[in-house]
Amino acid sequence: LNGSNQVWVLIACALIFFMQAGFLALEVGLVRSRSATVTAMKCIVDWSVVSIIWLVFAYGFAFGDSAGGWLGGSFFGGDGIEGSSGGWTMFLFQLCFAGTAVTIVSGAMAERVGFHTYVICSAVNVALIYPLVAHWVWGGAVSGDETWLYGMGFRDFAGSTVVHSVGGWISLVAIWMLGPRLGRFDADGKPRPMDAFNVPLAGFGVLVLWMGWFGFNGGSTLQGNDSAAAVIIKTNLAGAASGLVAWAHARWSTPDRDVEMKFMGGALTGLVAITASANMVSPMSALAIGAIAGLVHNYAFELLLKLRLDDPVGAVPVHLFGGVFGTLCVALFGKSSALPKGRFEQLGVQAIGVVAVAVTCVAITYGLLLVLKKTIGLRVSPREENEGLTLCRLPDVPAQPALSEAEIRRLMGG
Amino acid sequence: LNGSNQVWVLIACALIFFMQAGFLALEVGLVRSRSATVTAMKCIVDWSVVSIIWLVFAYGFAFGDSAGGWLGGSFFGGDGIEGSSGGWTMFLFQLCFAGTAVTIVSGAMAERVGFHTYVICSAVNVALIYPLVAHWVWGGAVSGDETWLYGMGFRDFAGSTVVHSVGGWISLVAIWMLGPRLGRFDADGKPRPMDAFNVPLAGFGVLVLWMGWFGFNGGSTLQGNDSAAAVIIKTNLAGAASGLVAWAHARWSTPDRDVEMKFMGGALTGLVAITASANMVSPMSALAIGAIAGLVHNYAFELLLKLRLDDPVGAVPVHLFGGVFGTLCVALFGKSSALPKGRFEQLGVQAIGVVAVAVTCVAITYGLLLVLKKTIGLRVSPREENEGLTLCRLPDVPAQPALSEAEIRRLMGG
Amino acid sequence: LNGSNQVWVLIACALIFFMQAGFLALEVGLVRSRSATVTAMKCIVDWSVVSIIWLVFAYGFAFGDSAGGWLGGSFFGGDGIEGSSGGWTMFLFQLCFAGTAVTIVSGAMAERVGFHTYVICSAVNVALIYPLVAHWVWGGAVSGDETWLYGMGFRDFAGSTVVHSVGGWISLVAIWMLGPRLGRFDADGKPRPMDAFNVPLAGFGVLVLWMGWFGFNGGSTLQGNDSAAAVIIKTNLAGAASGLVAWAHARWSTPDRDVEMKFMGGALTGLVAITASANMVSPMSALAIGAIAGLVHNYAFELLLKLRLDDPVGAVPVHLFGGVFGTLCVALFGKSSALPKGRFEQLGVQAIGVVAVAVTCVAITYGLLLVLKKTIGLRVSPREENEGLTLCRLPDVPAQPALSEAEIRRLMGG
């Protein structure tokens, strides 16, 4: 990395970091007002936790010299990064991806998870789950070592699996073990609408995330040339097609009050789905991937509701279903020349990757949440949930009242 | 385009794309809360529509090989872009400009236009109106062919005419044909204030747009060198001067409750006005252009109210009046060496361009809206307008109530 | 500056400019809703004022040829910038820093300062205070002349002193002379909580500012290479550590309702503190600087309350205490090879710089506010403060009511 390519990757880092703000806006916009503040704080706290653990050992696990293709083992505490082939630029770039994988979960768990429980989940995610998967798929990027999934022929350009489905699987386990928000489903299991704090702010967040994808996928070329532009174009086309299809499907086939969520979630699902293959499909294939992703999103969204799984911001349909679908699209839509295997065999390899990641994420998350449930607990109290989550419960002090007319007159010397 | 220039243009694309989010924040902040969500959604939907049409044929119309200087005719479906002189980078860069021109209209039509009507307008805008104008002025950028307005000597550096006045003319026709929001004017034609959803968010949007202009004008140099910095400086000075003049004018000569709108709109008008000439004026001229633009904005704002034209976010004063004024400033303030004609003749040529674009935009938009009025209609029902626009009308389902104290006690096992 | 380094600095300019929007979101989120709009407007107005004064003479004062190391004296009105060693790129880059120093004060003064008073303070800040300090420390950057503080060995990489403590000292004097908001402290001097307009929006602002620091510190290397990435990493680590420490401290040692403010302010304090030394400390030192900064913030926050100094957005703990602490960290944590003096002597030099800047900022601000107090006044009237500040006081016109059911039926022809 040098010269203009280096600058391009540095910018991509800024754009991907900004996705933290995009997630914040999206999640804050979609939860109820009572939980908005703490939801925002989580998106800053988890980034902080991720940043520190990434330095101490997680980057080493993910991108250090490989121990048999299963886990990295150098770069701990930042040792040896300066002057390595990736340098601090690659460390920063990969940190931003790790932060995305972690933050995805905050929306799924929103409005009932305990704050410390969430922080611990984030820490374990970045310390163990994410580095494992990242190492298997991208672990040779710096060291040049061959890691097992990549060596088998598994391809994931910018992280449909590594970033999005990792966040998605953890989210799925979390919402299942947490249970739905109080009152989310009525006695018959029918979902009851919950007022969102600020849907336009969520829309703003979608556009921030969309721009973030310019860096997420465009930066993953590691080259600031026309191939980056082509990747961005295809990313953008998939998001556009997916949003429009999800909107049309929600509007006409199943007209419902979640049409805004389906449109926004649909667009994001297209962006997730193209992420694995944006460097190896044609623009027309990108449109097709997006269009299908829009339907994948809507059916997944409905499926969760039928299963009484409560995902306040729709993280699972977007990141898990979009991520898995996108991973398979490598084999389905990728140009033959870019695939290490024949198309059919490639599909098998991609499926093996999906399953391996699923098992890893589900097993670790399930074990972790089980331990947390028996110790500090998973959920806040029903009272706190009903009144709104905070960073710190305190006895109420009434806010100061506005001044009375008499006081104002006195102050004005009248 | 290569090396660091290429990276600079790629970044400019991200900044210009982010203007979609800026428009969203600005518009959402200025409409009433009841219409905020659907206004936000429009800014995402129209980008999606634009992205797809741009690939299929609109980029080809605008930047393909010219048919006699009037319309382009290659690059359809993305064919031949890879490896062309502009490559995907130019495709992306120009897509971001097209998206801006289209989104401008969403604010003008806000709070009463039907959702499908708006989407169709956006599609026709990007499919026909914008490519026509873009071809006439910038059409030779990739093919090298001479197009008629450019060939005549018309100059518009970064789009005062091509982007802003196109959006402005369409907005003007739209607000005239749509009519004002219910209750916007009283029986005597006096405007009645309508509560904005979130003016601070609109202010945030102004700064996002302002930053977007760093890419919009700075990127239009296509060179990541000191000339880009000079263009950004002049752009910034015009915005600064324009905002301050508009604020001072609104504050002292006609003190009124729209002073925030005049300040924000004034600043944006200066940014629009400098766009045509930012590469060919001095910093002092940029200040002058901005200062005048502030007054242009305020008088235009008042003029619309007198004509009972209801422009909820002030799109017409900013983009139409600012765009036309800026186009003329090329002749009035541009350095002689940068003008293809003598100053006086140049003014005539710029005026011809203004008129040609006006006729084109007004004629097509008028025809389109007339057809839509007789078919699917232009406006939502008075009931929907009064209650707030949505993406999908549904019978009301009451939101779930907060839990009662009794329920909480039961859940807490008490 | 050329090629990819130039592009990197241009991007840094955009990121730092965007911090204006970050401040806007942070401040708007933390003030009461009644003051939110005018607080937002100030962040745009002051940028406008700064932009113009910077061109006319402030850049010349700060970066022109030095008159004895005390004040610059060229580049007035932009003269001679084109083709100078810094060019317009350096002008723009430094403008963005100046804008940051000025905007910091807007939050401290919020909710009671008169609008014109604030604008005049901003103008004097950018016209005199900031250029003085910038010249003393960075004045040789373009001219190569040696200025007195830099010549003595004082080092401030990206502005812990030049930007942040300048804004901080002015803020401190301002909140002392302005006095607290009405009702902020009860008769016993105990602070009474005031409802924030939108804490999640403040959180969004924190992340925007955080991204801005990628450009603020990363851009200050003036090189788009791996050293920029290393600087960003260390900046990020300090912010992360500081936020977490401030949160933990607020949560457990003094659990209180300001825990969100302490977390957000803590993170920002770490970012401020690392700014002086991000190019000369190790990642582990960055963590240490951040961790200490978190405590510095919380104790400073409490100290202000004890002194009945009302700082609505916490500008003084963040920018003044963080800035001073960070300036000293140059000597405490900087690599010996990067320090012009021995560690102990360096600490003395850094302290001299802190004191010199303190005296300058306090004296000028005190004098200015004294004059303003005796002339146009510092505060709005108690009535305006109680009802909320605006850009322009007007007799109330009631907003139009929603349409009645009868009117709707009539309009629908029923």
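The values are calculated or read from the model by the stated rules, or taken from the named source; none is laboratory data. The shown structure was predicted, so the numbers you read here are calculated from the model rather than taken from an experiment. Here the Cβ is made from the backbone with ideal geometry for all residues, glycine too, and neighbour counts use every protein chain on show. All accessible areas refer to the heavy atoms of the entire protein, side chains included, with ligands and DNA or RNA removed. Shrake-Rupley method; radii C 1.70, N 1.55, O 1.52, S 1.80 Å.
Residues in region A:235-246 that are open to solvent by less than 10 Å² (accessible area, probe 1.4 Å) and more than 7 Å from chain B (Cβ to nearest Cβ): 5 in all. From the list B:G159, B:G179, B:G189, B:G167, the lone residue that is crowded, with 19+ Cβ neighbours inside 10 Å and within 18 Å of B:F301 (Cα to Cα) is B:G167.
Residues checked against (1) outside any loop (DSSP other than H, G, I, E, B); (2) closer than 15 Å to A:D46 by Cα; (3) within 21 Å of the chain's Cα centre (by Cα); (4) without any contact (Cβ under 8 Å) to a residue 24 or more places away in the chain:
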{"position": "C:A238", "(1), (2), (3), (4)": "yes, yes, yes, no"}
{"position": "C:S242", "(1), (2), (3), (4)": "yes, yes, yes, no"}
{"position": "C:A246", "(1), (2), (3), (4)": "yes, yes, yes, no"}
{"position": "C:H249", "(1), (2), (3), (4)": "yes, no, no, no"}
{"position": "C:W252", "(1), (2), (3), (4)": "yes, no, no, yes"}
{"position": "C:R257", "(1), (2), (3), (4)": "no, no, no, no"}
{"position": "C:F263", "(1), (2), (3), (4)": "yes, yes, yes, yes"}
{"position": "C:G270", "(1), (2), (3), (4)": "yes, no, yes, no"}
{"position": "C:S277", "(1), (2), (3), (4)": "no, no, yes, no"}
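Considering only region C:340-355, I want to know if a residue exists there that is open to solvent by less than 10 Å² (accessible area, probe 1.4 Å), at pLDDT 95 or above and among the small types (G, A, S). The answer is yes; a qualifying residue exists. For residues in region C:284-298 being small (G, A, S) and open to solvent by less than 10 Å² (accessible area, probe 1.4 Å), which is nearest to A:D79 (Cα to Cα)? Ranking the qualifying residues of region C:284-298, first place goes to C:A286. In region B:11-64, the qualifying residues are those that are in contact with an Asp or Glu (Cβ under 8 Å, 6 or more places away or on another chain) and part of a loop (DSSP other than H, G, I, E, B), and the one that is surrounded by the most Cβ atoms within 10 Å (Cβ to Cβ) is B:V31.
So, of the residues in region B:1-10 that are among the aliphatic types (A, V, I, L, M) and open to solvent by less than 10 Å² (accessible area, probe 1.4 Å), which turns out to be farthest from the other protein chains (Cβ to nearest Cβ)? The qualifying residue farthest from the other protein chains (Cβ to nearest Cβ) is B:V9. Of all residues in region B:247-262, those being within 15 Å of B:H319 (Cα to Cα) and open to solvent by less than 10 Å² (accessible area, probe 1.4 Å) number 1. If you check C:F154, C:F214, C:F204 for being closer than 28 Å to C:A358 by Cα and within 10 Å of chain A (Cβ to nearest Cβ), only one passes: C:F214. Among the residues of region C:178-194, some residue qualifies, meaning at least one is closer than 22 Å to C:I364 by Cα and either part of a helix (DSSP H, G or I) or in contact with a helix residue (DSSP H, G or I) (Cβ under 9 Å, 6 or more places away or on another chain) (or both). Only one entry of A:A123, A:A98, A:A127 meets the criterion of being over 17 Å from A:L320 (Cβ atoms), within 14 Å of chain C (Cβ to nearest Cβ), at pLDDT 95 or above and open to solvent by 10 Å² or more (accessible area, probe 1.4 Å), and that entry is A:A123.
One line per residue, one yes/no per condition, for (1) in a loop (DSSP other than H, G, I, E, B); (2) among the polar types (S, T, N, Q); (3) under 25 Å from B:L24 (Cβ atoms):
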residue	(1), (2), (3)
B:E302	no, no, no
B:L309	yes, no, yes
B:G322	no, no, yes
B:G326	no, no, yes
B:F344	no, no, no
B:A358	no, no, no
B:V362	no, no, no
B:L372	no, no, yes
B:E384	no, no, yes
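Hey, any hits in region C:65-88 for a residue that's closer than 23 Å to C:L320 by Cβ and either at the interface with chain B (Cβ under 10 Å from one of its Cβ atoms) or in a helix (DSSP H, G or I) (or both)? No: zero hits.
Candidates are the residues of region C:222-234 that are at the interface with chain A (Cβ under 10 Å from one of its Cβ atoms) and not in a helix (DSSP H, G or I); the one that is surrounded by the fewest Cβ atoms within 10 Å (Cβ to Cβ) is C:Q223.
B:L201 meets each of the listed conditions (1) open to solvent by 10 Å² or more (accessible area, probe 1.4 Å); (2) over 21 Å from the mean Cα position of the chain (by Cα); (3) under 30 Å from C:V208 (Cα atoms) apart from (2). Of the listed requirements (1) touching a residue at least 40 places away in the same chain (Cβ under 8 Å); (2) farther than 21 Å from C:G212 by Cβ; (3) within 14 Å of chain A (Cβ to nearest Cβ), C:M284 misses just one: (1).
Conditions tested, residue by residue: (1) among the β-branched types (V, I, T); (2) farther than 25 Å from C:Y118 by Cα.
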| position | (1), (2) |
| --- | --- |
| C:V7 | yes, yes |
| C:G29 | no, no |
| C:S33 | no, no |
| C:W54 | no, no |
| C:F57 | no, no |
| C:G60 | no, no |
| C:W70 | no, yes |
| C:D79 | no, yes |
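Which numbered condition in (1) modelled with pLDDT under 95; (2) more than 7 Å from chain A (Cβ to nearest Cβ); (3) touching a helix residue (DSSP H, G or I) at 6+ places or on another chain (Cβ under 8 Å) is the only one that B:T37 fails? B:T37 satisfies all of (1) modelled with pLDDT under 95; (2) more than 7 Å from chain A (Cβ to nearest Cβ); (3) touching a helix residue (DSSP H, G or I) at 6+ places or on another chain (Cβ under 8 Å) except (2).
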